[in-house]
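The values are calculated or read from the model by the stated rules, or taken from the named source; none is laboratory data. None of the values given here were measured: they were computed from a predicted structure. Every residue, glycine as well, gets a Cβ built from its backbone with ideal geometry; the counts of neighbours run over all protein chains shown.
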Amino acid sequence: MNIQRIGVVGCGLMGSGIAQVCAQKGYKTIVREVTDELLQKGLGRIRSFLADGVRRGKVKQEEADATLKNLQGTTSLNDLKDCDIVIEAVVENLDEKKKVFAELDRICKKDTILASNTSSISITAMAAATKRREQCLGLHFMNPVPIMKLVEIVRPEVTNEATLQAAKAFAEGLGKTTVTAKDTPGFIVNLLLVPYICEAVRALDHGLATKEDIDTAMKLGCGMPMGPIELLDFVGLDTTLYIMDVMFDEFHDPRYAAPALLRRMVAAGALGRKTGRGFYDYSKK
């Protein structure tokens, strides 16, 4: 399949990043958000990222201009009807994702590939909401999308080989390295990452060390670019909690059981960088 026109559903942190890298590689890209306010916020994030790249000499001004020219925003899913592939990047909630897939299935042309950027939710369950199950799969980009090189391709048993190969060629054409995983909770990255984060929070809660020392130990002792507590704030405490609960419900393994401290912080609205406060305070940054 010759993929030329890209649709992205959701212009939050992940959706805007996916739209940006697609537009930077020359694809005509249309990104949809539910309100114009959220759309403009997401597009503004892209413009700021590109402007910062120009200032630092990482991006040429002509490249930034061409990227924005390739990018279109909308608040209507119908505007994605002619896309060759549509990547869903809405809230991590199965019911919401199924609604998006069902609506895309209704409005998109028959050969459009439907992909989800979910980090943990069953692609098979989303595909079941469509009449094109063999053309559905997961494309899990890492955060921040313009910088991180990995894309997890998640292939349900119903996905055909043509869809897999088209998605693989597309992701690698974006400059990403791909790995392929079966459609099981957590795929590869979160299957291994979630227990690591759980143990870090438990260690903090039990008074083993300060959050700063836990993060420093993993950065300098294991070569991690970001410590587990910093990473949790970056991803979002609520998002991570949801992933933990999905994986625990599937495996019933205590390694995936969300720590009580994490639940308390989410209940208190301390969700990380996006709210200005998580385990660390970002209000003055």
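As a summary of the residue check, F251 satisfies the conditions (1) within 14 Å of Y280 (Cα to Cα); (2) over 18 Å from the mean Cα position of the chain (by Cα); (3) among the hydrophobic types (A, V, I, L, M, F, W, C) except for the one numbered (1). Checking A162, A66, A125 one by one, the residue that is on the phi < 0 side of the Ramachandran plot and under 20 Å from the mean Cα position of the chain (by Cα) is A125 and no other. Going by the structure shown, is R47 touching a residue at least 12 places away in the same chain (Cβ under 8 Å) and in contact with an Asp or Glu (Cβ under 9 Å, 6 or more places away or on another chain)? No, not satisfied. Of the strands (runs of 3 or more DSSP E) lying entirely inside region 117-231, those carrying at least 2 residues that are of a type outside the set (G, A, S), within 30 Å of Y280 (Cβ to Cβ) and touching a residue at least 40 places away in the same chain (Cβ under 8 Å) are 136-141.
Results for (1) under 19 Å from M247 (Cα atoms); (2) crowded, with 17+ Cβ neighbours inside 10 Å; (3) of a type in the set (K, R), shown as yes or no for each residue.
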site: K99; (1), (2), (3): no, no, yes
site: A102; (1), (2), (3): no, no, no
site: T112; (1), (2), (3): no, yes, no
site: A128; (1), (2), (3): no, no, no
site: P144; (1), (2), (3): no, no, no
site: M148; (1), (2), (3): no, no, no
site: I153; (1), (2), (3): yes, yes, no
site: P156; (1), (2), (3): yes, yes, no
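Determine, yes or no, whether D245 is in a helix (DSSP H, G or I), under 19 Å from I188 (Cα atoms), among the acidic types (D, E) and over 20 Å from the mean Cα position of the chain (by Cα). No, not satisfied.
On inspection, L262 passes the criterion of being of a type outside the set (K, R) and farther than 28 Å from R155 by Cβ. Looking across V151, V179, V189, V194, one residue alone is of a type in the set (V, I, T), closer than 29 Å to P254 by Cβ and in contact with a His (Cβ under 9 Å, 6 or more places away or on another chain). It is V189.
Okay, residues lined up against (1) exposed (fewer than 14 other Cβ atoms within 10 Å of the Cβ); (2) over 28 Å from K131 (Cβ atoms); (3) among the basic types (K, R); (4) at pLDDT 95 or above:
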{"position": "I46", "(1), (2), (3), (4)": "no, yes, no, yes"}
{"position": "K58", "(1), (2), (3), (4)": "yes, yes, yes, no"}
{"position": "Q61", "(1), (2), (3), (4)": "yes, yes, no, yes"}
{"position": "A64", "(1), (2), (3), (4)": "no, yes, no, yes"}
{"position": "T67", "(1), (2), (3), (4)": "no, yes, no, yes"}
{"position": "G73", "(1), (2), (3), (4)": "no, yes, no, yes"}
{"position": "E88", "(1), (2), (3), (4)": "no, no, no, yes"}
{"position": "L94", "(1), (2), (3), (4)": "no, no, no, no"}
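Residues in region 21-44 that are outside any helix (DSSP H, G or I) and surrounded by 13 or more Cβ atoms within 10 Å (Cβ to Cβ): K25, Y27, K28, T29, I30, V31, R32, E33, V34.
Residue by residue, here is whether (1) buried (at least 16 other Cβ atoms within 10 Å of the Cβ); (2) within 25 Å of R155 (Cα to Cα); (3) β-branched (V, I, T) holds:
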| position | (1), (2), (3) |
| --- | --- |
| V179 | no, yes, yes |
| A200 | yes, no, no |
| M218 | yes, no, no |
| P254 | no, no, no |
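Inspect all residues belonging to region 267-278 and state whether any of them is touching a residue at least 40 places away in the same chain (Cβ under 8 Å), touching a strand residue (DSSP E or B) at 6+ places or on another chain (Cβ under 8 Å), of a type outside the set (K, R) and in a loop (DSSP other than H, G, I, E, B). The answer is yes, given that some residue of region 267-278 is touching a residue at least 40 places away in the same chain (Cβ under 8 Å), touching a strand residue (DSSP E or B) at 6+ places or on another chain (Cβ under 8 Å), of a type outside the set (K, R) and in a loop (DSSP other than H, G, I, E, B).
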